[in-house]
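Heads up: the structure comes next, in structure tokens.
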Amino acid sequence: MTTFCGILTGVRLSIRSLVFPLAMAAMIILRTHPAAAELVIDITRGNIDPLPIAVTSFLGEASREAQIGKDISAVLSADLERSGLFRPIPHKAFIQTGTSLAVRPRFGDWRIINAQAMVQGRIEIQDSGKLRIEFRLWDVFAEQQMAGQAYFTVAKNWRRVAHIIADVIYKRMTGESGYFDTRVVYIAESGPANKRIKRLAIMDQDGANHRFLTDGQYLVLTPRFSPTAQEITYLSYIGKEPRVYIFNLDTGRQEILGDFPGMTYAPRFSPDGNKVVMSMAKGGNSEIYVMNLGTRDLDRLTNNPAIDTSPSYSPDSKRITFNSDRGGTQQIYVMDADGDDIQRISFGKGRYATPVWSPRGDYIAFTKMKGGEFFIGIMHPDGSGERQLARGFLVEGPTWAPNGRVLSFFKQGKRDKKGRGGESRLHVIDITGHNEREIVTPLDASDPAWSPLIP
Amino acid sequence: MIRSASYSALLHVVAFLVAWFGLPELRRNLPMLDAPIPVEIVTVAEMTNAPPPEPEPEPEKPTPPPEPEKLPPPPPEPPPMPEPELAPEPEPEPEPMPEPEPPKKAVPPPPKPKPAPKPSAKPKPPKKKAKKPHEPDLMTSVLKTVEKLKQKARPEPEKEEEKPKKYKIPEKLRQSAQRPFDESAPMTISELDAVARQFLKCWNVPAGARDAKNLLVEISVRANPDGTIRQAQILNQGRMRSDPFYRTAAESALRAVLNPICSPLKLPPEKYERWKTMRLKFDPRAMFGG
């Protein structure tokens, strides 16, 4: 009997022990039920208008500090505006101004003028003469700080700091790394067509700090930036023979990359900066070669009676895109870095040339000639998604900004019968095909090459 | 004999193989006919159940055109203003009364009392006006008439709106406006669409970002009864921390929700229980041809 009772209590206990978790489960189900019926609204359309941003003048107590603050704000605003993704709000519209900006912003004041983001900063010249520049980026609607940094630098570097801050803001707001703290090297041209002077020139991406690197005594062509060091490769006709040179921007020295048996063209660095890939013509046949900069060993990658030229590495260094007429017309091909597995990727009408792999890896930019017109276009490395971004009488020489979102190229107008027109200028354009702008240069310009972000 | 038999056997085998391997092809083709056609089932209300405050601002705009025609009456009104002050006589009072209102943004009211009496309601206003002057205190009578006029002011604009249109439509509209909202009724596609359309102005889509097609952002929103946002939270916090592109997209969506241009959300207040908590799904796919 006792055992029977024991069994009964055991059963009761087990029932009791079951009741609690069951009740809990029921409660959970009941609680989650309303959540399941939660209203869901799909929002599939927005706008791609530039983001309104308020860039205030950076504050400084001394008048010199205040002036630098104003200048930095102006360079920063111009960078953001030029990207086409931001719309800096004019200072006249600001409600919160002056020294009140030294503290946390009054977000209500910025919401009224519909600023979605707001930048404030402060400049201080220290006893050592160095500048201390700090900035904060605020999300006006969420009332939160999105970024904030301070930089120490010599006073003449204020412009670079403005570009660096623009890069930080760009990256924070778009997720993509910026491209403002970069330089563009290009060929500056002057003089009559039959006696053209071509000089190597360099400037910041916004056209500031322009200077010439060569004196124009010798013809220079196809400059290319090293992805890792402040070095440029280019082709120069010193002694009437085209050779590939390397120019070091820090030291100002130039040296011959190598004495090749044939004519060398279109040199371009590998992404790690240790190799240079180029085309070389021997006995009337142009092939693609790669040279190890450490050992100076030269390897041939293609072997075909057709003209193979304009090689460019993929960002992972595993593939190379190049230009060849092996199929009858000039088309774009890709191959493994050792020259195997050659595949044609361009199949549209017209001729394709100068393929350049994006630093982001998702596109190959090219020049296309069709119906007497030139185009700058992009396509995926498998040949899909071909798009034309810019067109003109002559548009050529695409080069990527280091973030792979913006391209630069040069555009030459048609010269009329009297020899007027025909100016050649550098342009930049977004990969969406919008926001084409000119980079102002003192002379005619061609063959731009965009630097990586300055280390 | 053996040869023909072997031919026959071979042919049979071939026929069998054709039959055998032919069938799967036929089967493969079948799914083509079954190609799924995505159908979204949405609730479309039989009657537009739009809340009254929304239609009001729209009809107000069309009314101004007719006003100028009737405006000539108002100009004479300003002069009467001094009159009541100088000599507050009982009879002129009701007429000047509408005048204090125009400064209170109520331009429509002044013309209303006049047109109203003309078509139908002529007897009523005079009666009311007549009663008031009998009261001893002129000021109290003035105040009362002001109150009454204010009360009238609301229904009157509707009458005015109706006049320019045909008479049948406004009646239907009035009926629909008077019909009580069914709280249990689900949100209709037009109500949801109105909200989605509202965000067109506020949502700055991260254009051109890598993999923009896979940046679906969900935001959990708690709203106040007036349609303003009480709380908004990005749901996928884990991806927020690990993926900078997603963070950018998520923050842009959150900015859209918090954008004052999109506040308050145009949702029917009567269905507040339905939308006091909701999930907004920001999907940029359609904008990038995905």
Quick check on the range B:226-242. Is at least one of its residues within 9 Å of chain A (Cβ to nearest Cβ), farther than 25 Å from A:Glu176 by Cα and under 19 Å from the mean Cα position of the chain (by Cα)? no
Taking first residues from the range A:179-196 that are under 24 Å from A:Gly252 (Cβ atoms) and second residues anywhere that are in a helix (DSSP H, G or I), the pairs with Cβ under 6 Å that are 6 or more apart or on different chains are A:Asp181/A:His163; A:Asp181/A:Ile164; A:Asp181/A:Asp167
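Residue by residue, here is whether (1) farther than 19 Å from A:Trp357 by Cα; (2) at pLDDT 90 or above; (3) of a type outside the set (A, V, I, L, M, F, W, C) holds:
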{"position": "A:Val276", "(1), (2), (3)": "no, no, no"}
{"position": "A:Met280", "(1), (2), (3)": "yes, no, no"}
{"position": "A:Asn292", "(1), (2), (3)": "yes, no, yes"}
{"position": "A:Asp299", "(1), (2), (3)": "yes, no, yes"}
{"position": "A:Pro305", "(1), (2), (3)": "yes, no, yes"}
{"position": "A:Pro315", "(1), (2), (3)": "no, yes, yes"}
Taking the range A:271-288 and keeping only residues that are buried (at least 22 other Cβ atoms within 10 Å of the Cβ) and in contact (Cβ under 8 Å) with a residue 24 or more places away in the chain, one is left with A:Val276, A:Val277, A:Met278, A:Ser279, A:Ile288
Looking at A:Ser100, A:Ser77, A:Ser73, A:Ser128, which is the one that is more than 14 Å from chain B (Cβ to nearest Cβ) and touching a Ser or Thr at 6+ places or on another chain (Cβ under 6 Å)? A:Ser73
If the requirement is being within 14 Å of another protein chain (Cβ to nearest Cβ), buried (at least 16 other Cβ atoms within 10 Å of the Cβ), farther than 30 Å from A:Ala62 by Cα and touching a strand residue (DSSP E or B) at 6+ places or on another chain (Cβ under 6 Å), which of these qualifies: A:Arg199, A:Arg172? A:Arg172
Residue among A:Gly419, A:Gly328, A:Gly339, A:Gly413 that is surrounded by fewer than 15 Cβ atoms within 10 Å (Cβ to Cβ), more than 14 Å from chain B (Cβ to nearest Cβ), modelled with pLDDT under 90 and closer than 28 Å to A:Asn285 by Cα: A:Gly328
So which of A:Ala162, A:Ala142, A:Ala150, A:Ala115 is within 27 Å of the chain's Cα centre (by Cα), within 14 Å of another protein chain (Cβ to nearest Cβ) and either under 19 Å from A:Ala66 (Cβ atoms) or assigned to a loop (DSSP other than H, G, I, E, B) (or both)? A:Ala115
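Where in the range B:210-290 are there helices (runs of 4 or more DSSP H), lying fully within it, with 2 or more residues that are surrounded by 14 or more Cβ atoms within 10 Å (Cβ to Cβ) and in contact (Cβ under 8 Å) with a residue 60 or more places away in the chain?
In the range B:210-290, the matching helices (runs of 4 or more DSSP H) lie at B:272-275.
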Among A:Gly404, A:Gly397, A:Gly383, A:Gly377, the single one that is assigned by TED's automatic domain parsing to the domain that holds A:Leu219, part of a loop (DSSP other than H, G, I, E, B) and either in contact with a Leu (Cβ under 8 Å, 6 or more places away or on another chain) or more than 19 Å from A:Gly84 (Cα to Cα) (or both) is A:Gly383
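Please determine whether any residue of the range A:420-440 is among the polar types (S, T, N, Q), assigned by TED's automatic domain parsing to the domain that holds A:Pro267 and without any contact (Cβ under 8 Å) to a residue 40 or more places away in the chain.
Looking for residues that are among the polar types (S, T, N, Q), assigned by TED's automatic domain parsing to the domain that holds A:Pro267 and without any contact (Cβ under 8 Å) to a residue 40 or more places away in the chain, one finds at least one in the range A:420-440, hence yes.
The values are calculated or read from the model by the stated rules, or taken from the named source; none is laboratory data. Worth saying up front: this structure is predicted, and the values here are computed from it rather than measured. Because the Cβ atoms are built from the backbone with ideal geometry, glycine has one as well, and the counts that use them run over all protein chains shown.
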